[in-house]
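Laboratory data are not the source of any read-out in this text; all were calculated from the coordinates shown. These numbers come from a predicted model, not from an experiment. Here Cβ is always computed from backbone atoms with ideal geometry, including for glycine, and neighbour counts include all displayed protein chains.
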Amino acid sequence: MDDVTVSQPGESITVIALHGEHDLGTASEMAVLLDDAISSSNLVVVDVTSAQFIDSSFLHNLVKAHRGAQNARIALRAANGDCPDRSQSPGDQRASGGVGVREHEGRSLGESDRLT
């Protein structure tokens, strides 16, 4: 797939970075890619930061992959954007670089948190 970059930045870690558009036309390839990553890694990160468009077929694949990862006891994380600069007010946060981690109830999401 031209609109996907797959890297392995560490042992048993796979990062799938999406670029461009992902819809029904890429859904079957994306499903295979996610399944392969889950079967060969302990941590899979799906980074949609550079994706220009994703539709419900991609989200469906992500939910299916999440369920498969849970059954296999594999961590699956979705990333969207840079980490906000915590020194700024919530309405004036700037990107500080790196893959983002969203906050939930005032705390950063960690290893024990899962997609739901």
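Kindly indicate the residue of the range 23-57 that is surrounded by 15 or more Cβ atoms within 10 Å (Cβ to Cβ), over 19 Å from residue 67 (Cβ atoms) and of a type outside the set (Gly, Ala, Ser) and also farthest from the chain's Cα centre (by Cα) among those meeting that condition.
26
Can you pull out the residues in the range 13-22 that are touching a Leu at 6+ places or on another chain (Cβ under 7 Å) and surrounded by fewer than 18 Cβ atoms within 10 Å (Cβ to Cβ)?
Within the range 13-22, just 13 meets the criteria.
For the range 58-67, what are the residues that are farther than 16 Å from residue 13 by Cα and either touching a Pro at 6+ places or on another chain (Cβ under 8 Å) or surrounded by 17 or more Cβ atoms within 10 Å (Cβ to Cβ) (or both)?
58, 61, 62
So, residue 41, is that one of a type in the set (Gly, Ala, Ser), in contact (Cβ under 8 Å) with a residue 24 or more places away in the chain and in contact with a Gly (Cβ under 9 Å, 6 or more places away or on another chain) or not?
Criteria not met by residue 41.
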